[in-house]
4 protein chains.
Amino acid sequence: MNSRIRMGLVGGGPGSFIGPVHRIAAELDGKIELVAGAFSRDRVRCAEAGRSYGIDPARAYPSIEAMLAAEALREDGIQFVTIATPNVHHLPAASAAIAAGIAVMSDKPMTATLAEARDLAAALAANPVPYGLTYTYSGYPLVREMRERIAAGAIGPVRKVVVEYNQGWLAGAVTGKQAEWRLDPAHSGEGGCIADIGVHAFHLAEFVTGLRVALINADLGTVVPGRVLDDDCQMFLRFHGGARGLLLASQVMTGEGNDLAIRVYGEDGGMRWRQENPNRVEWLRADGGMEIIRAGDPGLSPLAMRGTRLPGGHPEGLLEALANLYRDFVADLKGEGGSLVPGIEDGLRGMALVATAVAASRDARGWIDLTV
Amino acid sequence: MNSRIRMGLVGGGPGSFIGPVHRIAAELDGKIELVAGAFSRDRVRCAEAGRSYGIDPARAYPSIEAMLAAEALREDGIQFVTIATPNVHHLPAASAAIAAGIAVMSDKPMTATLAEARDLAAALAANPVPYGLTYTYSGYPLVREMRERIAAGAIGPVRKVVVEYNQGWLAGAVTGKQAEWRLDPAHSGEGGCIADIGVHAFHLAEFVTGLRVALINADLGTVVPGRVLDDDCQMFLRFHGGARGLLLASQVMTGEGNDLAIRVYGEDGGMRWRQENPNRVEWLRADGGMEIIRAGDPGLSPLAMRGTRLPGGHPEGLLEALANLYRDFVADLKGEGGSLVPGIEDGLRGMALVATAVAASRDARGWIDLTV
Amino acid sequence: MNSRIRMGLVGGGPGSFIGPVHRIAAELDGKIELVAGAFSRDRVRCAEAGRSYGIDPARAYPSIEAMLAAEALREDGIQFVTIATPNVHHLPAASAAIAAGIAVMSDKPMTATLAEARDLAAALAANPVPYGLTYTYSGYPLVREMRERIAAGAIGPVRKVVVEYNQGWLAGAVTGKQAEWRLDPAHSGEGGCIADIGVHAFHLAEFVTGLRVALINADLGTVVPGRVLDDDCQMFLRFHGGARGLLLASQVMTGEGNDLAIRVYGEDGGMRWRQENPNRVEWLRADGGMEIIRAGDPGLSPLAMRGTRLPGGHPEGLLEALANLYRDFVADLKGEGGSLVPGIEDGLRGMALVATAVAASRDARGWIDLTV
Amino acid sequence: MNSRIRMGLVGGGPGSFIGPVHRIAAELDGKIELVAGAFSRDRVRCAEAGRSYGIDPARAYPSIEAMLAAEALREDGIQFVTIATPNVHHLPAASAAIAAGIAVMSDKPMTATLAEARDLAAALAANPVPYGLTYTYSGYPLVREMRERIAAGAIGPVRKVVVEYNQGWLAGAVTGKQAEWRLDPAHSGEGGCIADIGVHAFHLAEFVTGLRVALINADLGTVVPGRVLDDDCQMFLRFHGGARGLLLASQVMTGEGNDLAIRVYGEDGGMRWRQENPNRVEWLRADGGMEIIRAGDPGLSPLAMRGTRLPGGHPEGLLEALANLYRDFVADLKGEGGSLVPGIEDGLRGMALVATAVAASRDARGWIDLTV
């Protein structure tokens, strides 16, 4: 038994994209080890997944309940679970872990509905354990650098935010596990695109600016015929304090990959960041000049450098960004402080956004309070 | 007297940015010559401007009326006027020219209000002369290439349009002639940012897609304290046929230069263009590949090549784009056909957008028909 | 007769690319007017060209000699000639003009051989008139900004220069007037690619750094079978003072357009510029940060601003760069000073480069003095 | 004991940059586990490193010899070593492992001198074990895609290669472990920049094109006063078959990060790749069009997809590229075939390049055979 923190994975069975991503990111820095999992309720598939992850076959369990029960008996039992299932399973899995006193790292959105999110928050309040939510993009060093600099006044008081998340993979009639559950309310909940990627954009806007959205005016649409859930979202935002914003999230912008981007403008300057080229921020300075802040540059904040493993010019990407969240989560587990891993409040806000946007857009209700 | 078409300029006096731009662009291809002007009502300034343009001092007139009257008596009198004044003068200047049977090339927006626009349309219907409106960006070869390819089905039926026009030059308390008249309703009319640059974005969206906007939901704001007119606009669009759209125009995105950009997505692909790097279009193809269409590439449409003066790799810019509108206007004057220069219908639509957006946003009325 | 300076064009007949480019650029700012030309020795073609340029048919001459003689008799005769012929005609045309006391603006390379260049320099010394050479790229505002900043110490003493000029248009068997004369020593002289574009790169390196090349080690090649002249050049450079350099020029880099680019590194920083995106310079600062210097930015030098017609964000291109050389040439004609238009010394250096590189590469002689 | 392949690390002690990089990359896919190391000859530092890597304290050895001896006695002993020491230790460490029948993954350059490289090749020939060399950049999926497409004729027969590796971190007087050993011949061998990064550029050129360099003409320089080894290299290349090439490698291009880039041109097109933005290749097609090949695009080769862990639009970087080499190395260890991990021949060629370039440049000998 080495000194690594022991992780159990919920979901991530054969065919899963996100399961292996969690394993790589969690283990990347050598502080965490995947040792158990409830990968699938199907025993054959569960065992197959266990083999693919290289864990002890005895520790591939048919359910989270079984995993929690068995692992509790081991001296080297799991210390936290990562939940990487379709959205509707987030609440039961997290609740079970919390009840067992086991920390939780969960995929977003936090739950399938806002009501569920409130239940989860209540459960956590009753039995506090470390709880993290993988708004992965907040782990990029230069996203954190933007946050630090904006907080320090680099662009002055924020006036305008434009955040967008452009994808094209659901532009056509798609098949396959990844698409199917997302398009099915029984698995993903009340939001489609808004819940899948809109919440990422929303979290990024609040994370980077340090502001909170007060009001939204939403226009959600279902572009591809035959769908039930939204696949294209646009939204006006108004932040507390008056800053104006725009949120665009779409999964039918044909040909786009994973184009999450944010632009923030203040009284004295602006900043731009784009996930597909994540190791640079464009800073429009108060003096009218433009500066490129590059990963690894001298002068970056300790926060950004903490999440940077390589010297400038050596690209790091999404796996490393997620690994940065796991680093922070380890700090949470150890009670060390300094963590920026998103948590229950961020999760509640995201679910409030989904619920509000879906309802408001359906009824064309115009501006609505974002009440969490 | 050479064979060039003779142009008179209205406005463009000392300190004007756009006057010299019109002269350069109009004369660029050697088919037009600036020979007269009503540059300013102040005789000293008018004469000064005449000298700076190198025209015959006798042809620098204190008013358009004086110019029209005097030039009508000359064998080599002006054949058209370009109107480059603040918005409130567009209608009287254009009306005077039309009444005199003189063709008009006008800066946008067409007039200061929608009512004025309708008056101008009526005047033109009563006394038809060639009328062009300098939605300059539609003169870029690659904007025209986008239009041609989208019309030919390169991306399939259009579903989603995102058009934006980001500037930062009014982010602070600005002074100087350029800013002052734009911020003053007495000179610019009922719209601020929406009338100054929003209409460019709007025209670009309709020009490139060939679609017409049916409904808008507008959120106009005045960010800098003390202003009367909007300086930041965001708008949901719905096109006839159902395509969804988003329009963003702002003059308070601190540090932005002249960042007009459009992205169009259809069932089978997408296209992206950005004015600050205007000689390329990114085409997201149906097969999932991405292609860069470059100015001068073999395989460009005759329309794009017609507006290209240099071989591939030799940048052309805004002056050349405006010169392309003048080329088309020459064709209009000669009755040759094939012109794409925007006209009265585009002007009316732009003014309808301004009026509708201003009213709708003021009253938070949600979705409204764009009635021209 | 207006106040514009009167220009005669030598060459630029039907099918010419560069002739119309000179007319546009020369006339762009309204200070010069093309009034005469010796466009072709073929009278029919000469007249056709005259019509296309819109000049008085009587002023389309069958030879430069005829033009100089006839124009000398007119009160409104030409004040300078622009030479836009194949290289072998540069010397006789320039000599004729100089002998007639008429100023000369000439395409590069200055002549077909170094011996001719020396003859021209001698002729000019004997009968001084303003003489300009269109190393066009030195007219870009941001190239001039680089020069100013490097001279002011922005990157410290220069250590390393990488200049390249990558084209692909001669990668295949090409036909047409543009290609044919360039590939034929009888029309272009002793250098192929090195004389056509290598000299541009060389001039740019010396212009931007303010340094002079002392030694070269050249590797010229003829890639496409059947050619006589070089079509691919690579060269090590050593500047006076010890800075190291690399020059790459090729016309067989298949698919490249007009990719002229320069990077300069000093003890304290570096700068990068690329012609295909000419309105920005990347500045690698002494503090490790990176800054984008954009055309029109506040803080640009008066020199750069003098060559900028539009506010930031409105692209200008090659025609405007060439127009900037004509602006400077007008200053030369008026004896106003401040001109940066390249002249006879730059021309001699370019021809010395061609001669030295061709000879050195043929004999594999290694490092050779660049003796002008 | 799990099923992962067991790795021992040589070097990578406290302060090492590359040691942790190897651990992350080797373990990334869950097929390899670092279990032992000879991190430092200093016992205290060795133990400290062992703790930082989280290995059993008993398996942190003071020398590779000690590690090989002790691990040979364990049922769960190491199955290969990764050598991450300064260059002069590569030969003894590799020789010891080979003698013990243990596979080797080694940092580049293979050894400190060409003579040593030949000794190592001989040792390996006598006692064959899998041997890999971390020319890391060849692990990028899009580098491999270039190789596949060029081999398949996408750009026709190769004519011209430009490869460059621009860094600035040694532009000043630098201190610290990373710089010191590289600047000291006693630790790095006969080459400075050429051995540190020039060999990467060289390998990349041969890897991507499938061609071998026949002749070089080198100009190595020492720019920063007081240095013994080269810090700036430029080189003409001639490949077998006649293709021309240029290699630029520098560590004094102030402000550059890790700008490795390659451009290859054939009779029918060209391709460009840049390490700092590694997930795209620009393809200049035979028809004159330009295409962006993006990581994760449909239509990529199985080879590229094998090294891609995330869907398109999710950046992967250097750690993942190195992990791809480890994937291939695992295949080598298992005798599965299909590996592209560079090996002894690549190492020999790199060392021949260093030796030839250093000697040739010192004597200004012009073109020299690259004899391996």
Pairs only if they're at least six apart or on different chains, beta carbon under 6 angstrom, first in the stretch D:267-286 and within 14 Å of D:Thr209 (Cβ to Cβ), second of a type in the set (Lys, Arg) and part of a strand (DSSP E or B); list them, first residue then second. D:Arg272/D:Arg263
Residues of the stretch B:182-238 being of a type in the set (A, V, I, L, M) and either under 18 Å from A:Arg238 (Cβ atoms) or not assigned by TED's automatic domain parsing to the domain that holds B:Val161 (or both), in sequence order, are B:Ala218, B:Leu220, B:Val223, B:Val224, B:Met235
Looking only at the stretch A:249-295, which residues are in contact with an Asp or Glu (Cβ under 9 Å, 6 or more places away or on another chain), more than 12 Å from chain B (Cβ to nearest Cβ) and not in a strand (DSSP E or B)? A:Asn258, A:Gln275, A:Pro278, A:Asn279, A:Ala295
Filter pass, B:Gly296 being over 30 Å from B:Gly189 (Cα atoms) and outside the structural domain of B:Arg280 (by TED's automatic domain parsing): no
Restricting to the stretch C:356-367, name every residue that is assigned to a helix (DSSP H, G or I), surrounded by fewer than 15 Cβ atoms within 10 Å (Cβ to Cβ) and within 13 Å of chain D (Cβ to nearest Cβ). C:Asp363
Exclusive hit being in contact with a Ser or Thr (Cβ under 7 Å, 6 or more places away or on another chain) and of a type in the set (A, V, I, L, M), set B:Leu211, B:Leu204: B:Leu204
For the stretch D:2-28, enumerate the residues that are within 11 Å of another protein chain (Cβ to nearest Cβ) and modelled with pLDDT under 95. D:Asn2, D:Ser3, D:Arg4, D:Phe17, D:Ile18
Would a scan of the stretch A:148-163 turn up a residue that is within 19 Å of the chain's Cα centre (by Cα) and not aliphatic (A, V, I, L, M)? no
Scan of the stretch D:225-266 for residues that are within 14 Å of C:Arg159 (Cα to Cα) and at pLDDT below 95, ordered by number: D:Pro225
Are any residues in the stretch B:17-60 over 25 Å from B:Leu322 (Cα atoms) and within 26 Å of the chain's Cα centre (by Cα), and if so, which ones? B:Arg41
Answer yes if at least one residue in the stretch D:330-350 is part of a loop (DSSP other than H, G, I, E, B) and of a type in the set (Val, Ile, Thr), and no otherwise. yes
Please specify each residue of the stretch B:346-364 satisfying the condition of being within 13 Å of the chain's Cα centre (by Cα) and of a type outside the set (Lys, Arg). B:Asp346, B:Gly347, B:Leu348, B:Gly350, B:Met351
Breaking point among (1) more than 17 Å from D:Met146 (Cβ to Cβ); (2) under 23 Å from the mean Cα position of the chain (by Cα); (3) away from chain C (no Cβ under 11 Å), for D:Leu204: (1)
Which of the residues spanning the stretch A:138-176 are more than 13 Å from every other protein chain (Cβ to nearest Cβ), over 13 Å from A:Val208 (Cβ atoms) and of a type outside the set (Gly, Ala, Ser)? A:Thr175
Scanning for something assigned to a loop (DSSP other than H, G, I, E, B) and surrounded by 15 or more Cβ atoms within 10 Å (Cβ to Cβ), does the stretch A:88-96 turn up at least one residue? no
Inside the stretch A:90-101, can you point out the residues that are within 28 Å of A:Gln178 (Cα to Cα) and over 16 Å from the mean Cα position of the chain (by Cα)? A:Pro92, A:Ala93, A:Ser95, A:Ala96, A:Ala97, A:Ile98
Out of the residues in the stretch B:234-246 that are more than 10 Å from chain A (Cβ to nearest Cβ) and of a type outside the set (Gly, Ala, Ser), state the one that is farthest from the chain's Cα centre (by Cα). B:His240
Within the stretch B:341-366, which residues are out of contact with any Phe, Trp or Tyr (no Cβ under 8 Å at 6 or more places or on another chain), farther than 14 Å from B:Thr111 by Cα and of a type in the set (A, V, I, L, M, F, W, C)? B:Ala357, B:Val358, B:Ala359, B:Ala360
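Condition check ((1) among the charged types (D, E, K, R); (2) out of contact with any helix residue (DSSP H, G or I) (no Cβ under 8 Å at 6 or more places or on another chain); (3) at pLDDT below 95) across all residues:
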position	(1), (2), (3)
C:Ser301	no, no, no
C:Gly317	no, no, no
C:Ala321	no, no, no
C:Asn324	no, no, no
C:Leu333	no, yes, no
C:Gly337	no, no, yes
C:Gly343	no, yes, no
C:Gly350	no, no, no
C:Val372	no, no, yes
Which is buried (at least 21 other Cβ atoms within 10 Å of the Cβ) and within 14 Å of another protein chain (Cβ to nearest Cβ), of A:Leu353, A:Leu318, A:Leu325? A:Leu318
Exactly one of (1) under 18 Å from B:Ala154 (Cβ atoms); (2) of a type outside the set (Lys, Arg); (3) part of a strand (DSSP E or B) is unmet by B:Gly299. Its number? (3)
Please name all residue pairs, on different chains or six or more residues apart, with Cβ atoms under 9 Å, provided the first residue is in the stretch C:185-200 and is within 14 Å of C:Gly221 (Cα to Cα) and in contact (Cβ under 8 Å) with a residue 12 or more places away in the chain and the second residue is charged (D, E, K, R) and part of a helix (DSSP H, G or I). C:Gly192/C:Arg182; C:Cys193/C:Arg182; C:Ala195/C:Arg182
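The values are calculated or read from the model by the stated rules, or taken from the named source; none is laboratory data. Remember, predicted model here, so these are calculated numbers, not experimental data. Neighbour counts are summed over all protein chains in view; Cβ atoms, including those assigned to glycine, are modelled from backbone coordinates with ideal geometry.
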